[in-house]
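Peer 1: Can you read through this structure? Questions will come right after.
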Amino acid sequence: MEDRFGHRISYLRVSITDRCNERCTYCMPQELQEWLPRHDILTFEETLRLIRIATDLGVTKIRLTGGEPLTRRDVIQLFRQLPSLTRLRDIGLSTNATLLTREVEPGLTMAQAVRRCGFRSVNISLDTLDRAEYAKITGRDLLPAALAGIDAAIAAGFPQVKINCVLMRGRNASGLTKLVDFAAERNLLLRFIELMPVSTTDVLTEENFLPVAEARRTIEAKFGSLIPQPEFKTNGPAIYYQLPGRSQRIGFIGAMTNLHFCESCNKLRLTCDGKLRPCLGSYLEFDIMKPLRANASDDELRQFFLDVVERKPEQHDFRTTYKPDRKMVAIGG
């Protein structure tokens, strides 16, 4: 699939639940959250059908997200069916890692079970190594569980374990270099991500927003000048650098300050309530659940995907007209 601006779509982010066991300030900044009723959530069978149709149109990579995807009951049943979609070359999981040590069955952790389902990568949210600050950011005192989950993911043998750190001035700015060392010790790929006004515009105030350029300067003050790695790419928009004297790479995702951020976009998002979103930073979303549950044919659903791709904007609206509508937890990470 290719849109009118030359974006070639090969990546689908699939949210399978709006529920989460944490309450991160930039994602779900309120304690009382009205969860979607079960009937309004795509079933596993519906999700698999839509993923299969997307692969018919050229999608080769999917990432399962939430909310926290591992909070969904019997989620491993969905995961075990994904390898049957033979056109998929890469399956990934986004998680806060706190449930990766949970036993799916005796002697089998969730991390091991996910890896056995053919998942190649796991992206883990970790904004700080300070336990008190972690509790403030996430609303839960779960740092030990998250760290245990990271170790479980490493032990499970994923080819790639990535750590995503959302930059927040006054919250985690002083701990960035500790995260760099933490990632180096465990051979993890670490990315620093600018706040985006998905859930609330308050994140863009001077007291909250920390640009990637400033984070880079903080890291270089300790480790020396970072070495650009333009040839190193993953599936996202991160710009990577190598640390001097190390083989370690770190990435920076500057959605707000990088004016070329959207040029290489290759993704669509499917929300847990059946909305196709061509862009995270746009109001546009299209209800594919309605035709799906009205017995639409595969050809009709394929055309729905193509019509959504045709509506994909050239770039996000975060810097201009975007106003929060749905919380990030309801869109998918």
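Peer 1: Read through the list (1) farther than 19 Å from Leu188 by Cβ; (2) assigned to a loop (DSSP other than H, G, I, E, B); (3) of a type in the set (A, V, I, L, M), then give the number of the only condition that Ala54 fails.
Peer 2: Of (1) farther than 19 Å from Leu188 by Cβ; (2) assigned to a loop (DSSP other than H, G, I, E, B); (3) of a type in the set (A, V, I, L, M), only one is false for Ala54: (2).
Peer 1: I've got another one for you. What do you reckon, is Phe119 in a loop (DSSP other than H, G, I, E, B) and surrounded by 17 or more Cβ atoms within 10 Å (Cβ to Cβ)?
Peer 2: Details: in a loop (DSSP other than H, G, I, E, B): yes; surrounded by 17 or more Cβ atoms within 10 Å (Cβ to Cβ): yes.
Yes: the conditions hold for Phe119.
Peer 1: Just to be sure, is Ala215 touching a helix residue (DSSP H, G or I) at 6+ places or on another chain (Cβ under 8 Å), buried (at least 21 other Cβ atoms within 10 Å of the Cβ), small (Gly, Ala, Ser) and in contact (Cβ under 8 Å) with a residue 40 or more places away in the chain?
Peer 2: yes
Peer 1: So Val161 fits all but one of (1) surrounded by 14 or more Cβ atoms within 10 Å (Cβ to Cβ); (2) part of a helix (DSSP H, G or I); what number is the exception?
Peer 2: Here Val161 meets the rest and fails (2).
Peer 1: Something else: Residues that are assigned to a loop (DSSP other than H, G, I, E, B), of a type in the set (Val, Ile, Thr) and touching a strand residue (DSSP E or B) at 6+ places or on another chain (Cβ under 8 Å): does the range 73-96 have at least one? Show your work before the answer.
Peer 2: First pass over the range 73-96, keeping only residues assigned to a loop (DSSP other than H, G, I, E, B): 73-74, 85-89, 96.
Next, only the ones that are of a type in the set (Val, Ile, Thr) stay: 86.
Restricting the remaining residues to those that are touching a strand residue (DSSP E or B) at 6+ places or on another chain (Cβ under 8 Å) gives none.
No, the range 73-96 has no match at all.
Peer 1: Filter the range 174-193 for residues that are touching a Lys or Arg at 6+ places or on another chain (Cβ under 7 Å) and hydroxyl-bearing (Ser, Thr, Tyr) and give the result.
Peer 2: Matches in the range 174-193: Thr177 only.
Peer 1: Out of the residues in the range 8-46 that are closer than 17 Å to Ile288 by Cβ and without any contact (Cβ under 8 Å) to a residue 40 or more places away in the chain, which is surrounded by the fewest Cβ atoms within 10 Å (Cβ to Cβ)?
Peer 2: Top of the filtered list is His39.
Peer 1: Filter the range 95-114 for residues that are crowded, with 19+ Cβ neighbours inside 10 Å and aliphatic (A, V, I, L, M); which is farthest from Arg23 (Cα to Cα)?
Peer 2: The selected residue is Ala113.
Peer 1: Given the options Ala132, Ala111, Ala155, name the one that is in contact with a Leu (Cβ under 8 Å, 6 or more places away or on another chain), assigned to a helix (DSSP H, G or I) and either at pLDDT 95 or above or not acidic (Asp, Glu) (or both). Give the steps one after another, and end with the answer.
Peer 2: Working: Ala132 fails: in contact with a Leu (Cβ under 8 Å, 6 or more places away or on another chain); Ala155 fails: in contact with a Leu (Cβ under 8 Å, 6 or more places away or on another chain).
Exactly one of Ala132, Ala111, Ala155 is in contact with a Leu (Cβ under 8 Å, 6 or more places away or on another chain), assigned to a helix (DSSP H, G or I) and either at pLDDT 95 or above or not acidic (Asp, Glu) (or both), namely Ala111.
Peer 1: Could you tell me whether the range 93-106 includes any residue that is under 26 Å from Met1 (Cβ atoms) and touching a residue at least 24 places away in the same chain (Cβ under 8 Å)? Working first, answer last.
Peer 2: Within the range 93-106, the subset under 26 Å from Met1 (Cβ atoms) is 93-94.
Filter once more, keeping what is touching a residue at least 24 places away in the same chain (Cβ under 8 Å): 93-94.
There is at least one residue in the range 93-106 that is under 26 Å from Met1 (Cβ atoms) and touching a residue at least 24 places away in the same chain (Cβ under 8 Å).
Peer 1: Out of the residues in the range 28-51 that are in a loop (DSSP other than H, G, I, E, B) and at pLDDT 95 or above, state the one that is farthest from the chain's Cα centre (by Cα).
Peer 2: First pass over the range 28-51, keeping only residues in a loop (DSSP other than H, G, I, E, B): 28-37, 41-43.
Next, from what is left, pick out any that are at pLDDT 95 or above: 41-43.
Values: Ile41: 19, Leu42: 19, Thr43: 21 Å.
If we take residues in the range 28-51 being in a loop (DSSP other than H, G, I, E, B) and at pLDDT 95 or above, then Thr43 is farthest from the chain's Cα centre (by Cα).
The values are calculated or read from the model by the stated rules, or taken from the named source; none is laboratory data. Bear in mind that the values here come from a model prediction, so they are computed numbers and not experimental data. Here the Cβ is made from the backbone with ideal geometry for all residues, glycine too, and neighbour counts use every protein chain on show.
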